[in-house]
Amino acid sequence: MKALVTGASSGIGREIALYLSDLGYDLVIVARNSQPLRDLQREIRTNVEVVAMDLTDRENVWKLHEMYKNQPIEILVNDAGFGVHGLVTETELEKDLELIDLNITATHMLTKLFLQDMKKRNLGYILNVSSIAGFLSGPLMAEYYASKNFVLSYTRAINTELKKEKSEVHVSALCPGPTKTNFNKVANVEFKVRPYTAEYVAEYGVNKMFDEKDVIIPGFKMKCVHVLAKLLPDKLTRQFAYKIQKNKVSSKKESKESKEKK
């Protein structure tokens, strides 16, 4: 049994890799930076291959699939991704394009390529990490929310296709809310509410994936957010999302000022 996990250097991806190893899976762990992957390799109990690769480069995505297309990859986890915070007119265009290349293009390519392999064997699971943001529009994090909307919509559509074909391949979208990971630092924000642990989100997500659940939302509070997002008018949820993102920046500033005073 073998699983390939992108974004495995930290956060949810790292914890998913550890949990799959505990379940007996050999692993291919992928991320841009090699050292965190080497550190993770020492913790994994099963066989593990380290691939340090920048998936914002489309050629690398093709290369990754070429490396493993003939191996029995039973599980693909697309976790690699990041967020950019700020007004659309003020964020760097190059950074926005990197986000799209990683969050959307790489996820799309790897899902499509490995799904074709899995369908031939009529066996396999794909877990695409979206977000609770995937159900919303996100002022001040417009590109990130939109990217997670794509991942969620794309995954749901594939699921319907597979079910119509009565395929034994299953694709799930993991949609966590605030989670304690390195994401906050990269996006330059800080959560005001208490986040879930990456370990909890990872284990919950993998278990529900095996239960063949198409959309996976860890935690009761986030399930409530999902229900509200469906019931409330879009205009209101956008205002709510704007306030949340603005508060994250305020929390970051307050935390920084407090540390400087100390």
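Every read-out reported here was derived from the displayed coordinates using simple, explicitly stated rules and does not represent laboratory data. All figures in this text were calculated on a predicted structure; none of them were measured in a lab. We place every Cβ from the backbone using ideal geometry, glycine too, and count neighbours over all the protein chains shown.
Okay, here's what the table says:
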item: Cleavage-rule hits (GluC sites (Glu not before Pro)) in region 116-174: DSSP loop, at most 11 neighbouring Cβ within 10 angstrom; result: Glu165
item: Length-normalised contact order for the chain - Cα pairs under 8 Å, 6+ apart - percent; result: 18
item: Region 70-217: Cα Rg divided by the 2.2 N^0.38 Å rule of thumb; result: 1.07
item: Three-way shape call for region 34-86 based on the alpha-carbon gyration tensor, with the a/c threshold at 1.5; result: oblate
item: Helix-only mean residue ellipticity at 222 nm for the chain, each DSSP H run of n ≥ 4 adding -39500 (n - 2.57), per residue, nearest 500; result: -16500 deg cm²/dmol
item: Which listed pairs, of Lys180/Lys243; Lys163/Lys230; Lys180/Lys221; Lys2/Lys180; Lys166/Lys223, have C-alpha distances above 18 Å, in listed order; result: Lys180/Lys243; Lys163/Lys230; Lys2/Lys180; Lys166/Lys223
item: Fraction in percent of alpha-carbon pairs per bin - 10 Å, region 1-107; result: 15, 45, 28, 9, 2
item: Two-decimal Rg/Rh across region 2-261, once Rg and the Kirkwood Rh are taken from alpha-carbon atoms; result: 0.96
item: GluC sites (Glu not before Pro) lying in DSSP loop within region 75-112, provided at most 10 other Cβ fall within 10 Å; result: Glu90, Glu92
